[in-house]
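The values are calculated or read from the model by the stated rules, or taken from the named source; none is laboratory data. Computed from a predicted structure; not experimentally measured. Note: ideal-geometry Cβ built from the backbone for every residue, glycine included; neighbour counts use all protein chains shown.
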Amino acid sequence: MKKFLSGFLGAVLTVSVSAAPSVKGPFDPVLQDKYYERVQIPTPAGEVCEVVSIALLPDKKVAIGTRRGDVWVAEGAYENDLSKIKWTKFATGLHEPLGMFWKDGSIYATHRPELTRMTDRHGVGHADSYESICSDWGINGDYHEFAWGSEPDREGNVWVVLCLSGSFYANSDWRGWCVRVTPEGKMIPTCPGIRSPGGIGANEKGDMFYTDNQGVWNGASSIKWLRPGSFQGNPTGNKFYKLAKDFPAPPEPQSGSRILKERLKFPDFVPPAVILPHGTVGNSPSGIACDMSKGKWGPWANQMFLGEQTASQVQRVSLEFVNGLYQGACFHFLEGFEAGLVPVRMDQTDGTLFVGGTNRGWGSRGHYPFTFERVRWRGKVPFEMHDISARPDGFELTFTHPVDAKTAGNVASYDMDAFTYIYQSAYGSPEVDQAKPIVKSATVAEDGLHVRLVVEGLIRGHIHHIAAVGVRDRAGESLWHNEGWYTLNEIPSK
């Protein structure tokens, strides 16, 4: 990620698609199509529909919010014959609506200046009422001052993560913070330390997460847990704690250090749950969807799926809770989308994943400047590492197919390396403090679905890259994706 392209939606330069940074990993569209069907959905004819938010409405209607501030509602987006899709413009005049949902007969949109409720009170087919629910954060016209909003949490609150000004500064109130908006419209300052979010969403427990992009104080992009009262790592907006009642002063970390060292000094510093190695897993993570479809999306219950704007991908994340913190692994998953993905929204009733995006401002892979697409599981389970779990002396790998004991039990089938990033006020970081943990043994469980790796040289605070190139299932099939990256915030005691 280049410094002058610090915000994937906000860069003022025009960059060609071919200029997008390379993200490693082979892509076989025929193999992917065996497992997941990807379909491009026609957008309103003649309109520039850079899709930046998606909401699911009753009666299988789907709303999209565009970067230019319009809201369109589709009928027929779930159908096999998409030539009959019908679009209706529901609202206009918003300022980059980067979060949207349906509730009690209205569409709510989080956009730069406020959270807005839009209602069709008279059944005319479009909003005839626009109500400002909350506008208590600052905005000054800076190109990067986005506001990303969640769906309501279990208390009805909408969580909003506020980008820094220009991605480097805090020139408007509450920039660099997460806030919550109550159903009554009260704003609650929640977490300082944010830089450049690309999306926000909850896991199956209702805990809220957001994706933050590489840049100052972010050696690489990541998905982070928004524990209320926590510090998220970027001190630029710390000064605004003085505007809140009874909010303690956030930490002032030391530049040039490491996340582990600084978080051990500051208990409120919650480290990234999963770091996405830059240029390898992704460059610009965006929307978040948690699979709670009860098997309709595949064998990924409660895992998180992240959009990726630069490489036009969806990545997969498995999380676990260790010593009071979230941590876990990221994996490559879906590719080949027609523009850089921004929103990712899953219909939990039937497992349809809707995605949308744009390449404007920052180039992306794909053939089009914007896109709206859907993905469905075909019912065939790919051979994958389902998840990686930390153990006191290594890791346990869980697979989606029973493995071949000869290959999976051979330490030569695995390769591992570990690294971290400099935690600094400068932009990004190279991979540093490289290490080479050694897989000493690999024990295959009787069911063939679990393999216990005993590893010499685990390093707390490092990303552990595990490649299982030699592992086969009992039919002799190799893994669809044969590597994962585990962020080891904590080493469990048992």
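Taking residues in the range 119-137 that are surrounded by 15 or more Cβ atoms within 10 Å (Cβ to Cβ), and partners anywhere that are among the small types (Gly, Ala, Ser) and not in a loop (DSSP other than H, G, I, E, B), the pairs with Cβ atoms closer than 6 Å and at least 6 places apart or on different chains are Thr119/Ser106; Thr119/Ser129; Ala127/Ala91.
Residue-wise test of (1) assigned to a loop (DSSP other than H, G, I, E, B); (2) outside the structural domain of Ser284 (by TED's automatic domain parsing); (3) in contact (Cβ under 8 Å) with a residue 40 or more places away in the chain; (4) under 25 Å from Asn323 (Cβ atoms).
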| position | (1), (2), (3), (4) |
| --- | --- |
| Phe354 | no, no, yes, no |
| Arg360 | yes, no, yes, no |
| Thr407 | no, yes, yes, no |
| Phe419 | no, yes, yes, yes |
| Ala442 | no, yes, no, no |
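Of the residues making up the range 349-390, just one is among the basic types (Lys, Arg), modelled with pLDDT under 95 and surrounded by fewer than 23 Cβ atoms within 10 Å (Cβ to Cβ), namely Arg360.
Residues checked against (1) assigned to a strand (DSSP E or B); (2) under 30 Å from Val444 (Cβ atoms); (3) in contact (Cβ under 8 Å) with a residue 24 or more places away in the chain:
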{"site": "Gly363", "(1), (2), (3)": "no, no, yes"}
{"site": "Glu373", "(1), (2), (3)": "yes, no, yes"}
{"site": "Pro382", "(1), (2), (3)": "no, yes, yes"}
{"site": "His386", "(1), (2), (3)": "yes, yes, yes"}
{"site": "Ser389", "(1), (2), (3)": "yes, yes, yes"}
{"site": "Glu396", "(1), (2), (3)": "yes, yes, yes"}
{"site": "Asp433", "(1), (2), (3)": "yes, no, yes"}
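The condition (being over 23 Å from Ser196 (Cβ atoms) and within 27 Å of the chain's Cα centre (by Cα)) is satisfied by just one residue among Glu155, Glu96, Glu114: Glu155. Restricting the range 80-107 to residues that are among the β-branched types (Val, Ile, Thr) and part of a strand (DSSP E or B) leaves a set whose member that is surrounded by the fewest Cβ atoms within 10 Å (Cβ to Cβ) is Thr88. Taken together, the residues in the range 277-304 that are farther than 22 Å from Phe383 by Cβ and among the small types (Gly, Ala, Ser) amount to 6.
Among (1) among the charged types (D, E, K, R); (2) closer than 19 Å to Ser389 by Cα; (3) in contact (Cβ under 8 Å) with a residue 40 or more places away in the chain, which single condition is Arg316 missing? Here Arg316 meets the rest and fails (3).
Does Ser222 satisfy the criteria of being of a type in the set (S, T, N, Q) and within 15 Å of the chain's Cα centre (by Cα)? Yes, satisfied. When we screen Ala170, Ala77 for residues that are over 27 Å from Val355 (Cβ atoms) and either buried (at least 19 other Cβ atoms within 10 Å of the Cβ) or aliphatic (A, V, I, L, M) (or both), the only hit is Ala170.
Scanning the range 279-292 for residues that are assigned to a loop (DSSP other than H, G, I, E, B) and either in contact with a Leu (Cβ under 8 Å, 6 or more places away or on another chain) or within 20 Å of Ile200 (Cβ to Cβ) (or both) turns up Val281, Asn283, Ser284, Asp291, Met292. Inside the range 446-494, residues that are of a type in the set (Lys, Arg) and either without any contact (Cβ under 8 Å) to a residue 24 or more places away in the chain or within 30 Å of Gly324 (Cβ to Cβ) (or both) make up a count of 3.
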